[in-house]
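As structure tokens, the structure follows; a few thoughts come after it.
No value in this document is a laboratory result; all are computed from the given coordinates. Quick caveat, the model's predicted, so the values are computed rather than measured. Heads up, the Cβs are rebuilt from the backbone with ideal geometry, glycines too, and the neighbour counts pull from every protein chain shown.
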Amino acid sequence: MDGYYFKSSKFEIEPGEDEDINPRIYGRQLATWLKARLEECGYQVEDIIDEDWGRCLMCAREPFWLWVGCGNVYDYDTAKPGDGPPAKEDVTWLCFATAEMSFLKNLFRKKKVHPAAAVAKLHADLGRILRAEPQIRLVDEP
């Protein structure tokens, strides 16, 4: 997946937060922190959306959905029932920028919309945000 993988001691895993989505899926504090940073960059971020894979930060809905996904990388093969959450320093986090658009909605537009430039800008802004935080260390894919 094209995105940013990183380690950090900044984000706590809140007790029971994976009960809201799926087991061993964390990142509520990451999403809250990242939402504030994106707003500082001028994005109008909606309330955090819980997804089964992590958290979604919706930055725009028109002319297409522009959003950031964030959460942790997990390995269900090594996790055993009853295991507690990992230490925050051991978590590999992932953030990525993407866009979705309705094929039919774009088909009937007089002027076609292409999200690539908006996704590239959001991806670059996301990289700047992560690199600016001293408690975040970017890593290669897990």
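Quick look at the numbers
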read-out: Gyration tensor (Cα) of segment 34-73, equivalent ellipsoid semi-axes in angstrom; value: 17, 13, 7
read-out: Nitroxide proxy distance, nm - points 7 Å out along Cα→Cβ at Glu14 and Asp50; value: 0.9
read-out: Modelled label reach - Asp83, point 7 Å along Cα→Cβ, segment 2-30 residues with backbone N closer than 15 Å; value: 23-26
read-out: Extension reserve of the Ala116-Glu133 stretch, reckoned as 0.36 nm per residue once the Cα distance is removed; value: 3.5 nm
read-out: In Hz, Karplus ³J(HN,Hα) per residue of segment 37-54 (6.51, -1.76, 1.60; θ = phi - 60°; x = Gly, Pro); value: 5, 5, 5, 4, 7, x, 7, 9, 7, 6, 4, 4, 9, 7, 10, 5, 9, x
read-out: Among Ile25, Ile13, Ile48: highest mean-square fluctuation, GNM of the chain, C-alpha pairs under 10 Å; value: Ile48
read-out: Charge context of Glu14, other residues only, Cβ under 11 angstrom, K/R +1, D/E -1; value: -3
read-out: Crossing angle, helix 116-132 versus the chain [Cα axis fit, 0-90 degrees, rounded to tens]; value: 30
read-out: Expected 222 nm ellipticity per residue - DSSP helices of 4 or more, -39500 (n - 2.57), all of the chain, to 500; value: -7500 deg cm²/dmol
read-out: Computed P(r) (all Cα pairs; segment 1-134; 10 Å bins; percent); value: 11, 41, 30, 14, 4, 0
read-out: Residue-count net charge about Glu89 - beta-carbon cut-off 14 Å; Lys, Arg +1, Asp, Glu -1; value: +2
